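The values are calculated or read from the model by the stated rules, or taken from the named source; none is laboratory data. In this text, all values refer to a predicted model and were calculated from it rather than measured experimentally. In this analysis, Cβ positions are derived from the backbone assuming ideal geometry, glycine residues included, and neighbour counts consider all displayed protein chains. We work out accessible area using only protein heavy atoms, side chains counted, and drop any ligands, DNA or RNA first. Shrake-Rupley method; radii C 1.70, N 1.55, O 1.52, S 1.80 Å.
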Amino acid sequence: MSSGNDKFRLFLSGNYYDQDGVVAGTNYQRYNGRLNADYKILPSLTIGGNMGITYSRNARVEGDATLNGPLPNAMSIPAIYPVYDENGNYDESMFYANPVAIADNAVNLAFTNRNTGNAYLEYKFLEGFTFSSKVGIDIYNLREHSYDPTSTRQGKKYNGLGIEGTNYASNLTTNLVLQYTRNLGEKHNFDMLAGQGFEKYSNRSTYIEGINFPSDELQYIASAGTIRAASSYALDRVLNSWFGQFKYSYEYKYIFTLTARADGSSKFGENNHYGYFPAASVAWRISEEPFMNNVSWIDELKLRASFGLTGNDGIGDFASLGLYGAGYNYGGNSGIAPSQLPNPDLKWETSTQTGLGFDLATFNNRVSLNVDVYYNHTRDLLLERPIPSSSGFYSISSNIGQLENKGLEVVLNTLNFDGDFSWTSALTYAMNRNKVLSLYEDQPIDDLGRGGNRVEVGEPIGIFYGYDCLGVDPTTGNLVYDDVNGDGTITSDDRIKIGNPNPDFTAGFTNAFSYKNFELSIFLQGVYGNEIFNGTLIYLESGSGEDNQTKRMVGRWKKPGDITQFPRVGDTFISSRFIEDGSFLRIRNITLSYDFGKDWIGKAGMKSARIYATVQNLYTFTNYSGMDPEVNYYGGSSNLIIGTDFFTYPQSRTYLLGLNFLF
């Protein structure tokens, strides 16, 4: 709902969302509301703000990073086992836990309350001056309640397992900006600004775990016979920024921009809280030159160039400090011990970015093309530097090494048909090549994650490093590995680069068709050249143990002379055997909509009305044998551990039917 006039505007909205998950036992419910308001007190003074409130209830199950989740267990248990035994109870005779028992009986709930708010003031004074101030707050409260009853394997093991957790997070931001714009005649245009920003993030969390419950009806920690674990955590961090920009254009033909910022982060050592990041760019609108007047088919032609520095503070909040941990008790007395070495010289990771590009629009803007090439050189990489274990530690957070990224980005938009029937297309293409230029004493960072990701000088970030599997010996049925150093024994010294999770390129292609009131949009997404470590197959193509097996294992080695790629018995080596092509082309989104005519909606008192049907992730063309090629079990929390699948939850195909009414 919206209302207002030339001085006051108001917007109010609310919605309710309820979705059952694909995996049994999952459900998500959300309520939210939003209020926006703006008021022009004077012609030169405007104030406003917005507020959002969200409450959600998420019924979850454990995911792919645990062996107690329904999905990993359902995939791992052979189909010969029943869900229930002869007495009607959940069958737990198999090696893995009964996934139906987990989905039906385990409780894993997350309740969240999130409140956001922003307030701003904008004041225009003198000639060309504008002062603006903005304050924002984001408050997040999470409560988690989990209970595994005795009807599940894990719950039976502990006579009931209960967990309670809380998390409070707040993020306060402020921005003050003074801007000045001035035009001298029709040729010279100036735009200058200076500002200051501040951000404070706070987090408080608690966790408590109990076992030995008297009854499955008493699921909260107060009923636990034994408190098995408890912890709490507190964090405060700040980021303080100063920034400025100077922009000048001559006849809107030659455009020059200079920017500078200084960012101070509490994450870094006391000697290097601040990093300084200048940048400059220039643009030349060639199409505005007199010699282009006779080139009628070009509507816009612009050349662009830029150079600057950017910073990264993506490390742990206390990485520069010497830390101590509690719980090292002795003789009945509490004790502490060092848990992290300090590094007061830890500083910002800095990237030097150079870019060139051009923008082209032709044939009355029916075709537009944007092309950018870039080269980024990153210094002082924020990584863990290995140190002698005799120090009592294995690594220390440090600025070590250099990295380069270079690439090409292309965006092409076309208007293919115009009229009652129209057709537009948008094609995006991006390629990036990264390479590690140096590390501390060129020591590689090895054996990261389940897929054996590695950081090595001369190679891309996160390559897979392991044993090169040459196939199956037709005589014995055993796997054969390349003895790289020729010493007659397969050891860690025989490991080599076996794969690269970084793609050769990514692309997207959107086509929108419209005829009168109908519109059809189709979006395709593609990734080519990346490789995936399919860690799921370590178990599902092992040929041994209690794990279910893929149907490909029907063709495994059975007798001398068999020629096959599947062994008699597998192993858990990180090897090229589990490396697969991760390329795919996905029909990401198809939407068909109809806009009702103005005559009809006018009679109903509406401004607009639209009905639409959408399907997401309709189909994926890929040679990858896993559930989803767009996968990484480790999530987005690491730039080093990438491209690994381990019983990872796939994306769902979604069908939507909706109505939009505007009154």
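If I go through region 209-231 residue by residue, how many of them are open to solvent by 50 Å² or more (accessible area, probe 1.4 Å) and small (Gly, Ala, Ser)?
4
Can you tell me how many residues within region 514-532 are open to solvent by 20 Å² or more (accessible area, probe 1.4 Å) and in a strand (DSSP E or B)? Steps first, please.
Going through region 514-532, the residues open to solvent by 20 Å² or more (accessible area, probe 1.4 Å) turn out to be 514-525, 527-529, 531.
So of that shortlist, the ones also in a strand (DSSP E or B) come out as 514-515, 518-525, 527-528, 531.
Number satisfying all stated conditions: 13.
Any chance region 120-133 includes a residue that's touching a Gly at 6+ places or on another chain (Cβ under 8 Å) and of a type outside the set (A, V, I, L, M)?
Yes, region 120-133 contains a residue that is touching a Gly at 6+ places or on another chain (Cβ under 8 Å) and of a type outside the set (A, V, I, L, M).
Looking at region 356-377, is at least one residue aromatic (Phe, Trp, Tyr), assigned to a strand (DSSP E or B) and within 27 Å of the chain's Cα centre (by Cα)?
Kept after step one, since they are aromatic (Phe, Trp, Tyr), are these residues of region 356-377: 358, 363, 374-375.
Next, only the ones that are assigned to a strand (DSSP E or B) stay: 358, 374-375.
Filter once more, so that each one left must be within 27 Å of the chain's Cα centre (by Cα): 374-375.
Within region 356-377, one or more residues are aromatic (Phe, Trp, Tyr), assigned to a strand (DSSP E or B) and within 27 Å of the chain's Cα centre (by Cα).
Take the residues in region 604-663 that are under 30 Å from GLY316 (Cα atoms) and among the small types (Gly, Ala, Ser); name whichever of them is modelled with the highest pLDDT.
Looking at residues that are under 30 Å from GLY316 (Cα atoms) and among the small types (Gly, Ala, Ser), I get GLY643.
Provide a single number: the residues in region 342-369 that are open to solvent by 50 Å² or more (accessible area, probe 1.4 Å), under 23 Å from TYR429 (Cβ atoms), in contact with an Asp or Glu (Cβ under 9 Å, 6 or more places away or on another chain) and not aliphatic (A, V, I, L, M). Step through it out loud before you land on a result.
Pass one, region 342-369, residues open to solvent by 50 Å² or more (accessible area, probe 1.4 Å): 342, 344-345, 347, 353-354, 356, 358, 363-366.
In the following step, the residues that additionally are under 23 Å from TYR429 (Cβ atoms) were identified as 353-354, 356, 358, 363, 365-366.
Add one more test, that the residue is in contact with an Asp or Glu (Cβ under 9 Å, 6 or more places away or on another chain), and what stays is 356, 358, 363, 365-366.
Subsequent filtering for residues that are not aliphatic (A, V, I, L, M) retains 358, 363, 365-366.
Selection size over region 342-369: 4.
Hey, among GLY332, GLY269, GLY325, which residue is modelled with pLDDT under 95 and at positive phi? Explain how you work it out, then say what you get.
Details: GLY269 fails: at positive phi; GLY325 fails: at positive phi.
Answer to the selection: GLY332.
For GLY269, only one of the following conditions fails: (1) open to solvent by 70 Å² or more (accessible area, probe 1.4 Å); (2) not in a strand (DSSP E or B); (3) not basic (Lys, Arg). What is its number?
(1)
Looking at this structure, is ARG285 within 33 Å of the chain's Cα centre (by Cα) and either open to solvent by less than 60 Å² (accessible area, probe 1.4 Å) or of a type in the set (Lys, Arg) (or both)?
On the way: within 33 Å of the chain's Cα centre (by Cα): no; either open to solvent by less than 60 Å² (accessible area, probe 1.4 Å) or of a type in the set (Lys, Arg) (or both): yes.
In short, no.
If you take the residues in region 442-478 that are touching a Leu at 6+ places or on another chain (Cβ under 7 Å), farther than 13 Å from ILE498 by Cβ and in a loop (DSSP other than H, G, I, E, B), which one is least open to solvent (accessible area, probe 1.4 Å)?
Step one: filter region 442-478 for residues touching a Leu at 6+ places or on another chain (Cβ under 7 Å), giving 445, 448, 453-455, 457, 461-462, 469, 472.
In the following step, the residues that additionally are farther than 13 Å from ILE498 by Cβ were identified as 445, 448, 455, 457, 461, 472.
Checking which are in a loop (DSSP other than H, G, I, E, B) leaves us with 457, 461.
Details: VAL457: 49, ILE461: 24 Å².
Checked region 442-478; the qualifying residue least open to solvent (accessible area, probe 1.4 Å) is ILE461.
Are any of the residues in region 533-543 open to solvent by less than 60 Å² (accessible area, probe 1.4 Å), more than 29 Å from LEU479 (Cβ to Cβ), in a strand (DSSP E or B) and of a type in the set (S, T, N, Q)? Before the answer, list the steps.
Taking region 533-543 and keeping what is open to solvent by less than 60 Å² (accessible area, probe 1.4 Å), we get 533-538, 540-543.
Checking the rest, the ones that are also more than 29 Å from LEU479 (Cβ to Cβ) come to none.
No, the conditions are met nowhere in region 533-543.
For the structure I just gave you, tell me whether ASN632 is under 30 Å from VAL527 (Cβ atoms) and surrounded by fewer than 15 Cβ atoms within 10 Å (Cβ to Cβ). Spell out the reasoning first.
Details: under 30 Å from VAL527 (Cβ atoms): yes; surrounded by fewer than 15 Cβ atoms within 10 Å (Cβ to Cβ): no.
No.
Taking into account only those residues within region 272-281 that are open to solvent by 60 Å² or more (accessible area, probe 1.4 Å) and assigned to a strand (DSSP E or B), which is nearest to ASP359 (Cα to Cα)? Walk me through how you get there before you give the answer.
In the first step, residues of region 272-281 are kept if they are open to solvent by 60 Å² or more (accessible area, probe 1.4 Å); the result is 273-274, 276, 278.
This time we only want the ones that are assigned to a strand (DSSP E or B), so: 274, 276, 278.
Working: TYR274: 36, TYR276: 30, PRO278: 24 Å.
Residue satisfying both the conditions and the ranking: PRO278.
Give the residue that is surrounded by the fewest Cβ atoms within 10 Å (Cβ to Cβ), with candidates limited to residues of region 383-409 that are without any contact (Cβ under 8 Å) to a residue 60 or more places away in the chain and out of contact with any strand residue (DSSP E or B) (no Cβ under 6 Å at 6 or more places or on another chain). Even if it seems obvious, please write down each step before you answer.
First, the residues of region 383-409 that are without any contact (Cβ under 8 Å) to a residue 60 or more places away in the chain: 385-396, 398-409.
Applying the additional criterion that residues be out of contact with any strand residue (DSSP E or B) (no Cβ under 6 Å at 6 or more places or on another chain) yields 388-394, 399.
On the way: PRO388: 8, SER389: 9, SER390: 6, SER391: 10, GLY392: 11, PHE393: 14, TYR394: 10, ASN399: 21.
Among those that are without any contact (Cβ under 8 Å) to a residue 60 or more places away in the chain and out of contact with any strand residue (DSSP E or B) (no Cβ under 6 Å at 6 or more places or on another chain), it is SER390.
Which of the residues belonging to region 19-35 are open to solvent by less than 40 Å² (accessible area, probe 1.4 Å), part of a strand (DSSP E or B) and either β-branched (Val, Ile, Thr) or closer than 21 Å to ASP138 by Cβ (or both)?
GLY33
What number goes with the only condition from (1) open to solvent by less than 60 Å² (accessible area, probe 1.4 Å); (2) assigned to a strand (DSSP E or B) that TYR16 does not pass?
It fails just one condition, (1).
Considering only residues that are within 30 Å of SER391 (Cβ to Cβ), part of a strand (DSSP E or B) and free of Cβ contacts under 8 Å to residues at least 60 places away in the same chain, which ones fall in region 335-355? Working first, answer last.
First, pick out the residues of region 335-355 that are within 30 Å of SER391 (Cβ to Cβ): 335-350.
After this cut, where a residue has to be part of a strand (DSSP E or B) as well, the list is 336-340, 349-350.
Selection gives ILE336, ALA337, PRO338, SER339, GLN340, GLU349.
Can you go through LEU448, LEU470, LEU479, LEU439 and tell me which one is over 25 Å from PHE646 (Cβ atoms) and touching a strand residue (DSSP E or B) at 6+ places or on another chain (Cβ under 8 Å)? Break it down into steps so the answer makes sense when it comes.
Working: LEU448 fails: over 25 Å from PHE646 (Cβ atoms); LEU470 fails: over 25 Å from PHE646 (Cβ atoms); LEU479 fails: over 25 Å from PHE646 (Cβ atoms).
Only one candidate passes the filter, namely LEU439.
Does region 201-213 include one or more residues that are touching a residue at least 12 places away in the same chain (Cβ under 8 Å) and within 30 Å of PHE129 (Cβ to Cβ)? Talk me through it step by step, then tell me what you get.
Taking region 201-213 as the starting set, the residues that turn out to be touching a residue at least 12 places away in the same chain (Cβ under 8 Å) are 201-213.
Now restrict to residues that are within 30 Å of PHE129 (Cβ to Cβ): none.
No: zero hits.
Name the one entry in ALA326, ALA337 that is closer than 30 Å to SER231 by Cβ, among the hydrophobic types (A, V, I, L, M, F, W, C) and open to solvent by 80 Å² or more (accessible area, probe 1.4 Å).
Numbers: ALA337 fails: open to solvent by 80 Å² or more (accessible area, probe 1.4 Å).
Criteria check complete, one pass: ALA326.
Taking only pairs six or more apart or across chains, which ones have beta-carbon atoms under 8 Å, a first residue in region 636-661 that is more than 26 Å from SER76 (Cα to Cα), and a second residue that is in a strand (DSSP E or B) and modelled with pLDDT under 85?
Pairs found: LEU659/ALA609; ASN660/SER608; ASN660/ALA609; PHE661/SER608; PHE661/ALA609.
Could you check region 232-253 and list, in sequence order, the residues that are free of Cβ contacts under 8 Å to residues at least 40 places away in the same chain and either open to solvent by 70 Å² or more (accessible area, probe 1.4 Å) or of a type in the set (A, V, I, L, M, F, W, C) (or both)? Show your work before the answer.
The first filter runs over region 232-253 and keeps only residues free of Cβ contacts under 8 Å to residues at least 40 places away in the same chain, leaving 232-234, 236, 253.
Once the filter is applied, which keeps residues that are free of Cβ contacts under 8 Å to residues at least 40 places away in the same chain and either open to solvent by 70 Å² or more (accessible area, probe 1.4 Å) or of a type in the set (A, V, I, L, M, F, W, C) (or both), region 232-253 yields SER232, TYR233, ALA234, ASP236.
Regarding TYR324, is this residue of a type in the set (Ser, Thr, Tyr), within 25 Å of SER232 (Cβ to Cβ) and not in a strand (DSSP E or B)?
Values: of a type in the set (Ser, Thr, Tyr): yes; within 25 Å of SER232 (Cβ to Cβ): yes; not in a strand (DSSP E or B): no.
Considered against the rule, which asks whether it is of a type in the set (Ser, Thr, Tyr), within 25 Å of SER232 (Cβ to Cβ) and not in a strand (DSSP E or B), TYR324 comes out as no.
Take the residues in region 240-261 that are in a strand (DSSP E or B) and hydroxyl-bearing (Ser, Thr, Tyr); name whichever of them is nearest to SER306 (Cα to Cα).
Within region 240-261, the subset in a strand (DSSP E or B) is 240-250, 254-261.
If we keep only those that are hydroxyl-bearing (Ser, Thr, Tyr) as well, we get 241, 248-250, 254, 257, 259.
Values: SER241: 22, TYR248: 15, SER249: 16, TYR250: 18, TYR254: 14, THR257: 9, THR259: 11 Å.
Only one residue tops the list, namely THR257.
In this structure, is LEU258 of a type in the set (A, V, I, L, M), open to solvent by 50 Å² or more (accessible area, probe 1.4 Å) and touching a residue at least 40 places away in the same chain (Cβ under 8 Å)?
Spelling it out, it is not the case that LEU258 is of a type in the set (A, V, I, L, M), open to solvent by 50 Å² or more (accessible area, probe 1.4 Å) and touching a residue at least 40 places away in the same chain (Cβ under 8 Å).
THR362: of a type in the set (Ser, Thr, Tyr), modelled with pLDDT of 90 or more and touching a Leu at 6+ places or on another chain (Cβ under 7 Å), yes or no? Explain how you work it out, then say what you get.
Working: of a type in the set (Ser, Thr, Tyr): yes; modelled with pLDDT of 90 or more: yes; touching a Leu at 6+ places or on another chain (Cβ under 7 Å): no.
Against the criterion (of a type in the set (Ser, Thr, Tyr), modelled with pLDDT of 90 or more and touching a Leu at 6+ places or on another chain (Cβ under 7 Å)), THR362 does not qualify.
Being closer than 28 Å to ILE102 by Cβ, in a strand (DSSP E or B), hydroxyl-bearing (Ser, Thr, Tyr) and open to solvent by 40 Å² or more (accessible area, probe 1.4 Å), is that true of even one residue in region 195-208? Quick ask: steps written out before the conclusion?
Taking region 195-208 first, the residues closer than 28 Å to ILE102 by Cβ are 205-208.
With the extra rule that they be in a strand (DSSP E or B), the set shrinks to 205-208.
Imposing the further condition that a residue be hydroxyl-bearing (Ser, Thr, Tyr) reduces the set to 205-207.
Keeping just the survivors that are open to solvent by 40 Å² or more (accessible area, probe 1.4 Å) gives 206-207.
Among the residues of region 195-208, at least one is closer than 28 Å to ILE102 by Cβ, in a strand (DSSP E or B), hydroxyl-bearing (Ser, Thr, Tyr) and open to solvent by 40 Å² or more (accessible area, probe 1.4 Å), which makes the answer yes.
Table: residues versus (1) closer than 30 Å to ILE642 by Cβ; (2) open to solvent by 40 Å² or more (accessible area, probe 1.4 Å).
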| position | (1), (2) |
| --- | --- |
| ASP562 | no, no |
| PRO567 | yes, no |
| THR572 | yes, yes |
| PHE584 | yes, no |
| ILE587 | yes, no |
| TYR594 | no, yes |
| MET606 | no, no |
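Tell me, please, whether a residue that is of a type outside the set (Lys, Arg), more than 24 Å from ASP446 (Cα to Cα) and surrounded by 14 or more Cβ atoms within 10 Å (Cβ to Cβ) can be found in region 480-488.
No, every residue in region 480-488 fails to be of a type outside the set (Lys, Arg), more than 24 Å from ASP446 (Cα to Cα) and surrounded by 14 or more Cβ atoms within 10 Å (Cβ to Cβ).
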